Structure formats: structure tokens, C-alpha cells
Amino acid sequence: MPDNFKQILNSSAPTAKGSKPGLQVICLGLSRTGTSSLKAALTILQGRTFHAMEFLNQINDEESYNFWKSLNEESATSKDIAAYFGGGNYQAACDVPCLAYWRAIVAAHPHAKIILTTRDPVQWYQSVSKALIPLAGQVRRWNWLLRLLFYIFYGRSFQVDLLNILFQQFYYKELQQESSAIQFYHAWNDDILRSIPHNNLLVFDVRSGWEPLCQFLECPQPETPFPRLNDASALVKHQRYLSFLVTLVCLVIFL
């Protein structure tokens, strides 16, 4: 596992003593708007924080699969959603796949504070188009092969369904071109701004550091520097690794 991914996963902390059960903070900012740095920051301030890396760390867990499948099929109740995050001792959540189901997750946690991370939209698209859209395309293109590999190694292939849930936002046709992607970015943020009461919403640029975040969450400001995590290079390495793996397997199968 790349070091940056380990750093994101290792920014998990036990739930603070006396903390309320369930999600207290939900971030609705799009991927590549500083969600990895925010995940690390929220872990320090709040406790265990759900993020795409946590999702991937559970990819072989059948209970996790059943939950996300029900959420994707719109059959999960608010009680189911609260039980999933509460059962994992999560205090906060951000990034995909939660973003695709944010209305249901927010409805299940009516007292949670909401954060919308933002970034220059052109820089955001450049990052997404380099780090995530190609990786999502590879997963989609090689679904059949991934199913075969998972079945060979694990005797089951639901992991591919979880990967599709994780990457579904990056399959959107709007994200394939810069102009439509930037429109998507603005529409997403506008929807959040319209839907969440302003007194319960922090619009946050991670470059601002601890002060606005701690003021919003009404907690002391840590003495440690604000986390600055960037997993873009690791995501690009994963693209190359997946390409190599597909080539290798095809050679074994067809030669």
C-alpha cells in the first residue's frame, strides 16, 4: 500500500471518551477538494472518520457489502445508516462513497454539523482528471477481469460491486470534459448551499487551517500543524499498477 494511503488510514483514532455516538460531522465536499487532509484533521478533533480509504480497507467484508448495496438500492433505512456508522464508532464521514448518498446519511444524522470543502474549480478538475477519472475508467473497463481475479483469490466477487459504488461518481459523463465538469462542481456546491441551513454549514478551504474548523466545531485548536495530505501521486501509481496487472493476466490467459 502506498505510504500516503497508509498515512490516511493511520490517521484513525479511537473515539474520544464522552463523545456522542454516531456521526457528529459530515463533509459534503467533492473528492480532491482536500478531503484527505480534512479526514486527518477530523480524526484529531472528533475521532474515527470514515473516508474512501476506510471503505477500501473493508472491501472484503460481506457485512459492509450488504450495507452499501442496500444504500445503493435505496432500501437502507435511517436506522440502518445510523447503525452502520455508529457500529464502527465513526464520529465523522467524508469523501466517496458517502457523497453519492449524502441526503440519506444527513437525514439519518440530523444533529451532525456539515462541512463543504472547496477548491479552485479548474485546479479541482485537473486533479480529478489526473488522479481519479482514469482509475475509475480502468475499473469499469476491466470489471470482468477483476471479478475473475477476486473469485480466484477469494471465492467471491462482490468486491467489484463495491468498487463500482466507490467510483460511480467518476463514471458521470459530465466529468469527462473540463467545461461540463466545472458546471457539475458548481451545481454540486450550490445544491449543498441550498439544502443545508447556513448556521449548520461551514464552507471550508483546507488552506485556512485549524482556526475556522475549530471555531465551527467549538473545540480547542490543536498545537500540531494542520494535516496536509495529498494522495494524487499514489492514485496515479495505482493506475499504473492496475494496467500492469491487467496486461500480465491477459498474457497468462491468452498466450
ask   = Looking at the square roots a ≥ b ≥ c of the eigenvalues of the Cα gyration tensor of the stretch 96-184, which shape do they give, rounded for a/c under 1.5, prolate if a/b is larger than b/c, or oblate?
value = oblate
message = How big is the stretch 135-179 along each principal axis, measuring the range of its Cα positions in Å and listing the largest first?
response = 43, 15, 11
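Count the net charge of all other residues whose Cβ sits under 15 Å from the Cβ of N60, scoring Lys and Arg as +1 and Asp and Glu as -1. Each step should come with its number before you reach the end.
On the way: positive: K69, R147, R156; negative: E54, D61, E62, E63, D161.
Counting the neighbours of N60, the net charge comes to -2.
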note = Taking Y154, Y84 and ranking on accessible area (1.4 Å, protein atoms only), highest first, one gets Y154, Y84
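Just in the stretch 15-118: which GluC sites (Glu not before Pro) are loop by DSSP and have at most 11 other Cβ atoms within 10 Å? Numbers along the way, then the final one.
Working: sites: E54, E62, E63, E73, E74; in loops: E73, E74.
In loop regions of the stretch 15-118 (DSSP not H, G, I, E or B), the sparsely surrounded GluC sites (Glu not before Pro) are E73, E74.
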ask   = How much of the accessible area of the stretch 35-102, probe 1.4 Å, is carbon plus sulfur, in whole percent?
value = 42
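The values are calculated or read from the model by the stated rules, or taken from the named source; none is laboratory data. What you see is a predicted model; the values in this text were computed from it and never measured. All Cβ positions, even for glycine, are placed from backbone atoms using ideal geometry, and neighbour counts span all protein chains on display. Quick note on the areas: whole protein, heavy atoms, side chains included, nothing else; ligands and nucleic acids left out. Shrake-Rupley method; radii C 1.70, N 1.55, O 1.52, S 1.80 Å.
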